[in-house]
1. Tally the residues that are touching a helix residue (DSSP H, G or I) at 6+ places or on another chain (Cβ under 8 Å), part of a loop (DSSP other than H, G, I, E, B) and closer than 21 Å to residue 176 by Cβ, restricting the search to the range 122-150.
2. Any idea how many residues of the range 22-45 are touching a strand residue (DSSP E or B) at 6+ places or on another chain (Cβ under 8 Å) and farther than 16 Å from residue 6 by Cα?
3. Residue 224 fails exactly one of the following numbered conditions: (1) in a helix (DSSP H, G or I); (2) over 23 Å from residue 185 (Cβ atoms). What is the number of that condition?
4. In this structure, does residue 55 turn out to be over 20 Å from residue 148 (Cβ atoms) and at pLDDT below 95?
5. What are the residues in the range 50-94 that are assigned to a loop (DSSP other than H, G, I, E, B) and touching a residue at least 24 places away in the same chain (Cβ under 8 Å), if any?
6. Which residue, of 85, 96, is within 26 Å of residue 127 (Cα to Cα) and surrounded by 19 or more Cβ atoms within 10 Å (Cβ to Cβ)?
7. Quick one: in the range 132-145, which of the residues that are more than 15 Å from residue 234 (Cα to Cα) and out of contact with any strand residue (DSSP E or B) (no Cβ under 7 Å at 6 or more places or on another chain) is surrounded by the fewest Cβ atoms within 10 Å (Cβ to Cβ)?
8. Filter the range 155-184 for residues that are touching a helix residue (DSSP H, G or I) at 6+ places or on another chain (Cβ under 6 Å) and either assigned to a helix (DSSP H, G or I) or modelled with pLDDT under 95 (or both) and give the result.
C-alpha cells in the first residue's frame, strides 16, 4: 500500500514534529487533538517553526508555504476516515491510548494502517484495542522529530509483514533511518537511555555531584552532545518517569526503580523545559 495521506493524533511537541516532517516530505497531513482549536494551535506552531527556518535561510518562503499547504487541522477523529496511515502521538498513558485507538478503529477506512509513537508501551497491547491488530505497528520518532534521524519500528505479535514494510517505507520517505526493535518494555532506545538518565538523577539525589557537574562529566567524559539531566529536561521529566515505571512494572527488576527525586520533581510540577523548570530553570 502506498501511503499518501498521514494523520497525526496529538498536537503537542511530538505530534507537531511528526506532522511537520511528514508535510515536508510531501505527504498530505491531517492533525487532530482534543478539539479543533488545539489542532489549529499545533499547526500554527509548525508555521512558526518554519518561519524560523526561513529567517535562518535554511528554507525558502515558497518551501515553507508548500509545507503549510500540506497541513490541515481537524476537530474530530471521524475527519481522519480517508487517511492511509494514522499515527498516534499522545501522552504515555496506556488507557488514554487504548481509548483513542478504539475510537479510531471505528472510523478509519478499510486498509488504513495504524502506528503508535509510544516510547515504551506494548504495541501488542495497543493493537489489541482495535479489530485489526495486523494493521498496527510501533513508529517511535525521536525528539525533535525534524532534526533526529531515527525511527524505531516495533512489531506487535499480530503485526503483518506488509504493514511493517509500509511503515518502514514511510519512515524512509520522511528521511529517517529505520531500525527494528522487539516489543519489550522500552524497546531498544529507552531500554538503554532511560536507566542512564535515572542513574544520573540518583547521582544527584545521593549528592555525588551537582546538576552541572554531572552533565559536564558525561558530555566531556563520554562525548555526549548534552548531559543526561539536560536531556531529561528536554524529554520531559513526566515522560521519563512514565517510561521508567513501564520498565519497572514490565521487567520486574529493581534496577529500573524510578529515582525518588525524579518522582518528587514530577509531583512538584517541575517537568523540564516545557514547564519552565526541571533540573534547570528556563525562561
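1. Within the range 122-150, residues that are touching a helix residue (DSSP H, G or I) at 6+ places or on another chain (Cβ under 8 Å), part of a loop (DSSP other than H, G, I, E, B) and closer than 21 Å to residue 176 by Cβ number 5.
2. Residues that pass the stated criteria total 2.
3. Unmet condition: (1).
4. So residue 55 does not fit the description; no.
5. Correct list: 70, 75, 76, 81, 82, 83, 84, 89, 90, 91, 92, 93.
6. The unique qualifying residue is 85.
7. 134
8. 163
The values are calculated or read from the model by the stated rules, or taken from the named source; none is laboratory data. None of the values given here were measured: they were computed from a predicted structure. For neighbour counting, all protein chains shown are included, and Cβ atoms are generated from backbone atoms with ideal geometry for every residue, glycine included.
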